[in-house]
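Novice: Before we start, here is the structure in question, set down as structure tokens.
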Amino acid sequence: MTRPRCRIPSVALIATLALLLTAALLPAAGPVPAASSGTPISLVAAPGDERWSADLTIVDRDDVNIRRTAAGLRLREARSTGRGTRSPHSAIAEGMLVTAPRTLVRPATRVRAEISAAVPAGATVEAQVRGWRAAGWTEWRAATAGAVFDRPVTRVQTRVVLTTPNGGATATVRGVRLTADATAAVSAATPGRTYRVYATRIGLVGELTANGRTVQPRDHFAALPSRRGLSPLNTGDYTVRICTTSGSRCEYAPVWDVGPWNTRDDYWNPSSVRENWKNLPQGRPEAQAAYQSGYNGGRDQFGRTVLNPAGIDLADGTFWDGLRLTTNAWVDVAYLWTGGGPRGVVGDGPLNIRTGASTSYATRGLAARLAHVPIQCYVTGQSVAGPYRTTTRWNRLASGQYVSHAYISTVYGGSVPAC
């Protein structure tokens, strides 16, 4: 198939960006657009500020469509991947570099970013950060206007996202400088949010996900229409629990792709936090509103006509084996990073989740490899020999189902009590 080409002006308008924005309590901000003029804004460091520069020199396996040049960081390929019409990957070319986490000298509640980049017309550059606290990683937040966390964080990780229209000119990022400090924290949102949304099957075996994974046959992961909940490659830092509306089958699956339709629709967040479409009810995806009621003229953020109300995409294994769906369907989705309490990391899977503490009990679904599952408590049951230990411990999940501790690589977020 011949891919469409965008008409690019013969001379790109390039502007050098040196952005350092003052403190703001808005945790979401848009990407850095092309600019024709402007004077850098200065920020005076307050006492206790911690400053560092993101390391943009290392491009490795968890980075996607990025290359390092003498001039700076650029997209490796400025043409989008061959995705379907409803995929945001068919509308733009994008790349992402994820840096190593930085341990802070002292806990912070705000991180701001200064980007130095040359950005052609139509291209964007965005610096995003997330913070580590006892319950795990926060969502990714745009940092150019100041990312504010609801609780102090002890580690910060940065990612740089570049986009351009399909076939367009790419930005060149020369540096990203971060500043962490303590400021008034925003109120924590209600934990453990669950919404009923429409699920579609991803397919696309052999193609790359937004975090750089090559999709495998009968793979186990999910896609959400926002990068805020995108797990880095080979992690399940952001995991969803997807259940059929009857509750008969569930799967815990890591979020490894972005879509369907949009890339900036964190619909599970309240309007005060939600990146776009703030006038929609919390829990209602923009694609659903566009499809059902003509919201935004019935179009997604790229101007494409929305052809179904999907709010989540499921890989084939999650769709067919975890939930045993035969066609696209409404499902109940829990966005587990919005909750609290101990979390177990599934080191090997997909792992059966059962109605009791023995392999003789019925299965009620699966927990994908690398998924983070919420553990309420533990009981003694059948002895199981697994990849991490031989044990009689079975963990009861927040859904009331059980998994053997023999397959849990680690637990974080607090101690697990006996049931």
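The values are calculated or read from the model by the stated rules, or taken from the named source; none is laboratory data. Treat the numbers as computed from the prediction; the structure is a model and nothing was measured. Note: ideal-geometry Cβ built from the backbone for every residue, glycine included; neighbour counts use all protein chains shown. These accessible areas exclude ligands, DNA and RNA; they are computed on the full protein's heavy atoms, side chains included. Shrake-Rupley method; radii C 1.70, N 1.55, O 1.52, S 1.80 Å.
Novice: So which residues in region 203-233 are open to solvent by 10 Å² or more (accessible area, probe 1.4 Å) and assigned to a strand (DSSP E or B)?
Specialist: Leu208, Thr214
Novice: Same structure again: List the residue pairs whose Cβ atoms are under 9 Å apart, where the first residue sits in region 50-65 and is touching a residue at least 12 places away in the same chain (Cβ under 8 Å) and within 19 Å of Ser116 (Cβ to Cβ), the second is part of a loop (DSSP other than H, G, I, E, B) and of a type in the set (D, E, K, R), and the two are 6 or more positions apart or on different chains.
Specialist: Qualifying pairs under 9 Å: Val59/Arg76.
Novice: Inspect region 179-202 for any residue being open to solvent by less than 10 Å² (accessible area, probe 1.4 Å) and in contact with a Ser or Thr (Cβ under 7 Å, 6 or more places away or on another chain) and give the result as yes or no.
Specialist: No, region 179-202 has no match at all.
Novice: Suppose we filter region 165-178 for residues that are open to solvent by 40 Å² or more (accessible area, probe 1.4 Å) and over 22 Å from the mean Cα position of the chain (by Cα); how many remain?
Specialist: Qualifying residue count, region 165-178: 2.
Novice: Here's another thing I want to ask about it. Please go through region 274-302 and pick out each residue that is more than 23 Å from Asp332 (Cβ to Cβ), basic (Lys, Arg) and crowded, with 16+ Cβ neighbours inside 10 Å.
Specialist: Residue satisfying the conditions is Arg299 alone.
Novice: Which one of these is out of contact with any strand residue (DSSP E or B) (no Cβ under 7 Å at 6 or more places or on another chain) and either polar (S, T, N, Q) or in a loop (DSSP other than H, G, I, E, B) (or both): Gly122, Gly167?
Specialist: The conditions single out Gly167.
Novice: While we're looking at this one, here's another question. Pick out, from region 303-397, the strands (runs of 3 or more DSSP E) lying fully within it that include 2 or more residues that are open to solvent by 20 Å² or more (accessible area, probe 1.4 Å) and at pLDDT below 95.
Specialist: In region 303-397, the matching strands (runs of 3 or more DSSP E) lie at 372-385.
Novice: For Gln157, which of the numbered conditions (1) part of a strand (DSSP E or B); (2) touching a Ser or Thr at 6+ places or on another chain (Cβ under 7 Å); (3) more than 16 Å from Thr99 (Cβ to Cβ) fails to hold?
Specialist: Going through the list (1) part of a strand (DSSP E or B); (2) touching a Ser or Thr at 6+ places or on another chain (Cβ under 7 Å); (3) more than 16 Å from Thr99 (Cβ to Cβ), Gln157 breaks only (3).
Novice: Would region 81-91 turn up any residue that is crowded, with 24+ Cβ neighbours inside 10 Å and part of a strand (DSSP E or B)?
Specialist: no
Novice: Of all the residues that make up region 398-419, how many are surrounded by 18 or more Cβ atoms within 10 Å (Cβ to Cβ), part of a strand (DSSP E or B) and polar (S, T, N, Q)?
Specialist: 1
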